[in-house]
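Q: Shown below is the structure under consideration.
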Amino acid sequence: MVRNIIFDIGNVLTDFRWREFLQDKGFSEEMVRRIARASIENVLWRELDRGVWSWEKLMAAFIAEDPEIAAQLHQAFDDMRDIVVIRDYAVPWVKELKAQGYGVWYLSNFSEKIERECREALAFLPYMDGGILSYQDRLIKPDRAIYETLLRRYGLQAEECVFIDDTAVNIEAGEALGIRGIVFDTREQVQKELAAILRA
């Protein structure tokens, strides 16, 4: 029996709108691509979510990828307000599931800097029962340990959980532990798949 719904945050309950964020700062399309290659699309970005490196160390690593755009990288990321914005349905959806009696949790690769600077995007958190933002435990999806930590910390049984995430590899990691998963495409698609699971 399903008792708990676990949500990813980025591109599920919020938009991670990095391209629009950079465009809003006035960067050309060519510069957006260069900034992204040095940072967001680089494996180094995972360290932002892991929370082990300092922001200064991470920025130095981004700059080392493309030293000619050091000033633009600082302009882009010294202030990251609005890189993440809440989706209109996020709070009502969480409230609806809570009203139906389900535990509602979060499990997200998320950085301390973005949490601090985009706090209004996380307005649904007070309505949830708990969860993990990756930087807090220095673990990231799809590492097995982050799922195990969530289950252990809150006394959850894997077979009683459904995990919703926009990345298939993250769903597969949860399924390896017995957590049923739904790959997010649209809210409507997830609601249909979730309803089928809950009826079973």
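Coordinate-derived values only; no laboratory data. None of the values given here were measured: they were computed from a predicted structure. Cβ atoms come from the backbone with ideal geometry, glycine included; neighbour counts cover every protein chain shown.
Q: Excluding same-chain residues fewer than 8 positions from Lys25, which lysines have a Cα within less than 21 Å of its Cα?
A: In chain and number order, the partners are Lys113.
Q: Per DSSP helix of 4 or more residues, -39500 (n - 2.57); summed, then divided by the residues of the chain. What does that give at 222 nm, rounded to the nearest 500? Walk me through the numbers before you get to the answer.
A: Numbers: 11 runs with 94 residues, N = 200.
Here the helix-only value at 222 nm equals -13000 deg cm²/dmol.
Q: Sorted by packing (mean other beta-carbon atoms within 10 Å per residue), highest first, where do 95-101, 18-24, 182-188 land?
A: Details: 95-101: 12.0, 18-24: 17.1, 182-188: 14.3.
Packing proxy ranking, top to bottom: 18-24, 182-188, 95-101.
Q: Now for a different question. Kindly write out, for the range 163-170 in residue order, the coupling ³J(HN,Hα) from the Karplus curve 6.51 cos²θ - 1.76 cosθ + 1.60 (θ = phi - 60°), rounded to whole Hz, with x marking Gly and Pro.
A: 10, 10, 8, 8, 10, 4, 5, 6
Q: How long is the gain from Trp53 to Gln23 if the chain were fully straight, where each residue apart is worth 0.36 nm and the alpha carbon distance is subtracted? It would help to have the intermediate numbers written out before the result.
A: Values: separation 30, 0.36 × 30 = 10.80 nm, distance 2.70 nm.
Here the answer is 8.1 nm.
Q: Sticking with this structure for a sec: Give the Kirkwood hydrodynamic radius (Å, one decimal) of the chain, defined as one over the mean of 1/r across all pairs of different Cα atoms.
A: On the way: mean 1/r = 0.0565 Å⁻¹.
17.7 Å is the Kirkwood radius here.
Q: By a straight-distance test (C-alpha under 17 Å), which aspartates and glutamates pair with Lys192 as possible cross-link partners, with residues fewer than eight away in the same chain excluded?
A: Correct list for Lys192: Glu96, Asp165, Asp166.
Q: Picking from Arg46, Arg153, Arg119, which is most flexible by a Gaussian network model of the chain using Cα springs under 10 Å?
A: Evaluated over the chain, the most mobile residue of the options is Arg153.
Q: Let me ask you something else. Go through the range 71-84 residue by residue and turn each phi into a ³J(HN,Hα) via Karplus (6.51, -1.76, 1.60, θ = phi - 60°); whole Hz please, and just put x for glycine and proline.
A: 5, 5, 5, 5, 4, 5, 10, 4, 10, 10, 4, 6, 6, 10
Q: Can you put Thr167, Thr14 in order of Cβ neighbours within 10 angstrom, beginning with the fewest?
A: Numbers: Thr167 17, Thr14 23.
Ascending Cβ contact count within 10 Å gives the list Thr167, Thr14.
Q: On to the next question. Could you work out which residue, out of Ile140, Ile69, Ile132, moves most in a Gaussian network model of the chain, that is, has the largest mean-square fluctuation with Cα springs under 10 Å?
A: With Cα springs under 10 Å in the chain, the top fluctuation among Ile140, Ile69, Ile132 is at Ile69.
Q: Could you compute the net charge surrounding Val169? Neighbours are other residues with a C-beta less than 15 Å from the C-beta of Val169; K and R count +1, D and E count -1.
A: -4
Q: I want the local charge near Ser108. Using Cβ-Cβ distances under 11 Å, sum +1 for each Lys or Arg and -1 for each Asp or Glu among the other residues.
A: Net local charge, Ser108 excluded: -4.
Q: Between Arg199 and Glu175, how high is the FRET efficiency from 1/(1 + (r/R0)^6) when r is the Cβ-Cβ distance and R₀ = 22 Å? Nearest 0.05. Mind showing how you got there, number by number?
A: Working: r = 20 Å, r/R0 = 0.89.
Step by step, r from the Cβ atoms, then E = 0.65.
Q: Over the range 88-200, what is the percentage of antiparallel beta bridges among all DSSP beta bridges, to the nearest 5? Walk me through the intermediate numbers first.
A: Values: 0 of 8 bridges.
About 0 percent, rounded to the nearest 5.
Q: Follow-up question, since we're still on this one. Classify the range 122-169 as rounded, prolate or oblate, taking a ≥ b ≥ c as the square roots of the eigenvalues of its Cα gyration tensor: rounded when a/c is under 1.5, otherwise prolate if a/b is larger than b/c and oblate if not.
A: Numbers: a/c = 1.23, a/b = 1.11, b/c = 1.11.
It comes out rounded by the Cα gyration axes.
Q: For the range 175-184, in order, what is each residue's ³J(HN,Hα) by Karplus, 6.51 cos²θ - 1.76 cosθ + 1.60 with θ = phi - 60°, in whole Hz (x at glycine and Pro)?
A: With the stated coefficients, the range 175-184 comes to 5, 5, 9, x, 8, 5, x, 10, 7, 6 Hz.
Q: Once the convex hull of the alpha carbons of the range 79-132 is built, what does its volume come to per residue, in cubic angstrom?
A: Working: hull volume 3.8 nm³, N = 54.
Taking only Cα atoms, the range 79-132 has a hull volume of 70 Å³ per residue.
Q: In addition: Can you give the translational diffusion coefficient of the range 1-89 in µm²/s, computed by Stokes-Einstein from the Kirkwood radius over Cα pairs at 10 °C and 1.306 mPa s? Mind dumping the intermediate values first?
A: On the way: Rh = 14.3 Å.
Answer from the Stokes-Einstein relation: 111 µm²/s.
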